[in-house]
1. How much length would be gained if the chain were fully extended between Thr20 and Thr67, taking 0.36 nm per residue of separation minus their Cα-Cα distance, in nm to one decimal?
2. Sort Glu70, Glu43 so that the residue with the fewest other Cβ atoms within 10 Å of its own Cβ comes first and the one with the most comes last.
3. Return Phe52, Phe18 ranked ascending by Cβ neighbour count within 10 Å, so the fewest neighbours appear first.
Amino acid sequence: MNLPAGSIKTWADVKKLFLTRFFEGDTEISVTTLLAMKQKKGESIKTFVERFRSMALRYPSGMTQSTLLETCRHNLQTILLGQIGMVEHRTW
């Protein structure tokens, strides 16, 4: 119910979202998984960072800490990034 309209287009999308939601610890961690991991609406920054860190620790890559940190920061909600001065707030 909380997903944007049209965000699920295939059964593969359903499978990925289902596994992520209910079996997050059992799914394979990849760069794509980390890049797609966004802060949930209403989720605190602390909770998101802890969730991201937990996933990143299971990612068997040679990603540097600075790259992981930048990826985590990038995946925060845009409005929060504006509030902490990381991106410029823009209005239409």
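1. Contour length minus the Cα-Cα distance gives 14.7 nm.
2. Details: Glu70 11, Glu43 14.
Lowest count first: Glu70, Glu43.
3. Numbers: Phe52 21, Phe18 10.
With the sparsest Cβ surroundings first, the list reads Phe18, Phe52.
Values quoted throughout were computed directly from the atomic coordinates according to the rules given, and no laboratory measurement underlies them. Just so we're clear, the structure is a prediction, and the values are computed from it rather than from any experiment. Don't worry about glycine lacking a Cβ; one is built from the backbone with ideal geometry, like all the others, and counts go over all protein chains shown.
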